[in-house]
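Novice: Structure incoming, see below.
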Protein chains: 2
Amino acid sequence: MTTVEPPAARRRGRPGYDRDEVLAAAVTLFNEQGYDATSVSDLAARLGLTKSAMYHHFASKEQLLERALGEALDGLEGVLAQPGAQQGSASERLHFVLRAAVEVLLDRLPYVTLLLRVRGNSDIERAALARRRSFDHQMASLVREAQASGSVRPDVDSAIVTRLIFGMLNSTIEWYRPSGPKDRDALTHDILTVAFDGIRPR
Amino acid sequence: MTTVEPPAARRRGRPGYDRDEVLAAAVTLFNEQGYDATSVSDLAARLGLTKSAMYHHFASKEQLLERALGEALDGLEGVLAQPGAQQGSASERLHFVLRAAVEVLLDRLPYVTLLLRVRGNSDIERAALARRRSFDHQMASLVREAQASGSVRPDVDSAIVTRLIFGMLNSTIEWYRPSGPKDRDALTHDILTVAFDGIRPR
């Protein structure tokens, strides 16, 4: 993803913004008015940069989208790569992964929001959807394994409850704001409480 | 909502479609391509009707939207008006209302889908959002009452878990299809299992 920029060109960008800040501003604007409806000119205007200064940071709007979706997907896939996701009983792994997925969601809220709105309108979006489906399949496998080992109740469909739990988790993008009245720790606690107690055997 | 149509004009509409069928087709198209991006001409083309035949059924695209959102909201508000929502303990009422809300969602899936995508871009959308917020507040009150009576665990925030449970329920619009591989009864069972066991005291 990194493009080689000549130092002279880089200096022409405003000093206040680095690539990550430009990306963050782009994602905010994509979420506000939709990716398709947002032009590089809109982004430049939001940041007070010229269009050519924007292009010193990113080659195209598509590259911004790809990098933004990567932030969300790298985070989720990173959860599955951690030792806690690979060692221990199925129940321990499921608890680890759900808790870590909630952390990724809340740490990278704008990026995950963008990912959840992707509909597959381009190669970049379709590639992101394929990575998301792969993550979902691995989660469903883990729930199935936990069910086979007796730590998820037997009378639910593992594929359905996986979708329901992630549907619950992902729905927080619709209302949760870090600066809002609801505390992040309370939200994390309540998500994990409903998820774990909702599926464990009684 | 009913407009008085002269019999001569009504006869010009195709015999195959009544108002409900035109509404259902409109909602399908709104969900597929977005309300703003859908014109009355698009709707007429989908149904094989002339634009003027469309206008014998509905005065405007806005009237179709209003009626469609009303289908969803009337269903949800109707749940709260039933005896089961008004009689019995808070726990009994909460169980009744959640089960009935799931039924409304699945019975009126395209209409609820449209409602959940409304962003408040017009007076009709803002009125729908106000009705939705009122429903949400009544649900949160019921959860709070159930918590006060000891039938919802004390260590969760009643407003958060209300949002989480409806977030889980509403997320099914993203993937559930009546003709798909997952059975409606299994879905209903699993939603209510996760919701009720997720919040009841242990």
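None of the figures in this text is laboratory data; all of them are computed from the coordinates on show. All values derive from a computational prediction rather than experimental measurement. In this analysis, Cβ positions are derived from the backbone assuming ideal geometry, glycine residues included, and neighbour counts consider all displayed protein chains.
Novice: To one decimal in nm, how far is A:Ala81 from the same spot in the other copies, if labels go 7 Å from Cα toward Cβ? Please give the shortest first.
Specialist: 5.6
Novice: Step by step: find N for segment A:88-179, compute 2.2 N^0.38 Å, then divide the Cα radius of gyration by it. What's the final number?
Specialist: So the Cα radius of gyration is 1.17 times the expected 2.2 N^0.38 Å.
Novice: Within segment B:29-107, which GluC sites (Glu not before Pro) sit in a loop by DSSP and count at most 16 neighbouring Cβ atoms inside 10 Å?
Specialist: Filter output for segment B:29-107: empty list.
Novice: Same structure, new question: What is the average number of partner chain Cβ atoms found within 10 Å of a Cβ in A:184-195? Provide the component values of the computation, followed by the final result.
Specialist: Values: counts 0, 0, 5, 4, 0, 4, 12, 6, 1, 9, 12, 4.
So the per-residue partner count for this stretch is 5.
Novice: Per the helix-only calculation at 222 nm, which mean residue ellipticity applies to chain B, given -39500 (n - 2.57) for every DSSP H run of n ≥ 4 and division by its residues, nearest 500 deg cm²/dmol?
Specialist: On the way: 10 runs with 140 residues, N = 202.
Taking each H run of at least 4 residues, the total per residue is -22500 deg cm²/dmol.
Novice: On to the next question. Starting from the Cα of A:Asp185, move 7 Å in the Cα-to-Cβ direction to define the label point; list residues of segment B:158-202 whose amide nitrogen is under 19 Å from there.
Specialist: Correct set: B:158-161.
Novice: Using r as the Cβ-Cβ distance of A:Glu92 and B:Trp175, and R0 as 35 Å, what FRET efficiency do you calculate, to the nearest 0.05?
Specialist: Taking R0 as 35 Å, the efficiency between A:Glu92 and B:Trp175 is 0.80.
Novice: Show me the trypsin sites (Lys or Arg not before Pro) within segment B:57-133 that DSSP assigns to loop and that have at most 15 other Cβ atoms within 10 Å of their Cβ.
Specialist: B:Arg119
Novice: Based on the Cβ-Cβ distance of B:Ala130 and A:Ala37, what FRET efficiency does E = 1/(1 + (r/R0)^6) give at R0 = 22 Å, to the nearest 0.05?
Specialist: 0.25
Novice: Then there's this: Could you tell me what % of all Cα pairs in chain B have separations over 28 Å?
Specialist: Of all Cα-Cα pairs in chain B, 37 percent lie more than 28 Å apart.
Novice: Related question: List, shortest first and in nm to one decimal, how far the label point of B:Thr50 (7 Å from Cα along Cα→Cβ) is from its counterparts in the other copies.
Specialist: 5.7
Novice: For chain B, which DSSP H helices look membrane-span-like by this rule: Cα extent along the axis of 15 Å or more and mean Kyte-Doolittle of at least -1.0?
Specialist: B:19-33, B:61-81, B:90-107, B:123-148, B:158-171, B:184-199
Novice: Also: What spacing in nm lies between the two simple spin-label points modelled at A:Asp20 and A:Thr50, each 7 Å away from Cα in the Cβ direction?
Specialist: 2.8 nm
Novice: Then there's this: Counting pairs of Cα atoms in segment B:46-145, how many percent are more than 23 Å apart?
Specialist: Taking all Cα-Cα pairs of segment B:46-145, the fraction more than 23 Å apart is 37 percent.
Novice: Averaged across B:147-160, how many Cβ atoms of other chains sit within 10 Å of each residue's Cβ atom?
Specialist: Taking the mean over all residues of the peptide, I get 3.
Novice: Per q in 0.24, 0.29 1/Å, what log10 I(q)/I(0) does a Debye calculation on the alpha-carbon atoms of segment B:39-99 return?
Specialist: Debye curve over Cα of segment B:39-99, log10 I(q)/I(0) at q = 0.24, 0.29 Å⁻¹: -0.91, -1.09.
Novice: When the convex hull of the C-alpha atoms of the protein assembly as shown is computed, what volume per residue in Å³ does it have?
Specialist: 169 Å³
Novice: Shortest first, in nm, what separates the label point of B:Glu32 from those of the same position in the other copies (7 Å along Cα→Cβ)?
Specialist: Between copies, matching label points for B:Glu32 lie 3.3 nm apart.
Novice: Distance from the Cα centre of segment A:146-202 to that of segment A:86-107, in angstrom?
Specialist: 11 Å
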